[in-house]
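The values are calculated or read from the model by the stated rules, or taken from the named source; none is laboratory data. Here the structure is a predicted model, which is why all the values come from computation and not from measurement. Every residue, glycine as well, gets a Cβ built from its backbone with ideal geometry; the counts of neighbours run over all protein chains shown. Protein only, heavy atoms only, side chains kept; ligands, DNA and RNA dropped before computing areas. Shrake-Rupley method; radii C 1.70, N 1.55, O 1.52, S 1.80 Å.
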Amino acid sequence: MVEAFAAQGAKVAFLDRDEEAGSALSAQLGGRVRFVVCDVADAPQLQAAIKDTAAALGGLQVLIANAANDTRHELDEVTPDLWDDCLAVNLKHQFFAAQAAYPAIEAAGGGAIICLGSISWLNNTTGMVGYTTAKAGIHGLVRTLARLLGPKKIRVNALLPGWTMTERQLERWVDEEAHREIDNAQCLPGRVMPDDIARMALFLAADDGAMCTHQTFVVDGGWI
């Protein structure tokens, strides 16, 4: 997404706790994007980073809340700490990011907030109950924020990827069995790629999506 927005000439900033990877991406793009080291599960740190970023960029029009952790876990493995961690990194940060960002977006005359969900809770995925519960909660958050922020000319939508071939997925979980599952589940052949998700985010962020809010946009090859 950082690459896609930068390619459009947008002023882009991104937050990540992985300093090495974030710095490498910023360098790869010639320093044209602003990278901020941040643990998004730490709400005060997250909100401070967003406010500082808005000031550094001279404003803010688009927020994409896409941090997540889909590490698999079985029902009996879930502890209170694991549950809290799942909600913090998959749901909690989306609210507190929006809370910090919307005044700057309103001041810019309006814009868009895009919250990344998942089809996992819709297609009966069972191996990560904390994750799927948090992702389901995003829909309630998006619909509420859309009502609250609509009068401020801020559009709020959920973007739901299918099983997307990111580096993390390919390294950890996409094996021959997974490919068979995808082939059986999707209407379309091929694989959902990161660029497919980024293009939908660009649409929702741009004037093309000017009257789209309170909605869920699914990019999954026809799985659900």
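Any residue that is surrounded by 15 or more Cβ atoms within 10 Å (Cβ to Cβ) and part of a helix (DSSP H, G or I) - is there at least one of those in segment 30-41? For segment 30-41, residues surrounded by 15 or more Cβ atoms within 10 Å (Cβ to Cβ) and part of a helix (DSSP H, G or I): absent. For ALA107, the criteria (1) more than 29 Å from VAL129 (Cβ to Cβ); (2) buried (at least 19 other Cβ atoms within 10 Å of the Cβ) hold in every case but one, which is (2). Listed by first and then second residue, the pairs linking a residue in segment 103-131 that is farther than 22 Å from GLN61 by Cβ to a residue that is of a type in the set (Gly, Ala, Ser) and surrounded by 18 or more Cβ atoms within 10 Å (Cβ to Cβ), with Cβ atoms under 6 Å apart and 6 or more places separating them unless they lie on different chains, are ILE119/GLY162.
A count restricted to segment 69-81 and to residues that are open to solvent by less than 50 Å² (accessible area, probe 1.4 Å) and in contact with a strand residue (DSSP E or B) (Cβ under 9 Å, 6 or more places away or on another chain) stands at 2.
The residue list LYS51, LYS92 contains one member that is in contact (Cβ under 8 Å) with a residue 24 or more places away in the chain, among the basic types (Lys, Arg) and crowded, with 17+ Cβ neighbours inside 10 Å, which is LYS92. Within segment 133-166, the set of residues being of a type outside the set (D, E, K, R), open to solvent by less than 20 Å² (accessible area, probe 1.4 Å), within 10 Å of SER118 (Cβ to Cβ) and not in a strand (DSSP E or B) comprises ALA134, ILE138, GLY162. Is segment 19-31 home to any residue that is touching a Gly at 6+ places or on another chain (Cβ under 7 Å) and without any contact (Cβ under 8 Å) to a residue 60 or more places away in the chain? For segment 19-31, residues touching a Gly at 6+ places or on another chain (Cβ under 7 Å) and without any contact (Cβ under 8 Å) to a residue 60 or more places away in the chain: absent. Among the residues of this structure, THR132 does not count as one that is at negative phi and over 17 Å from the mean Cα position of the chain (by Cα).
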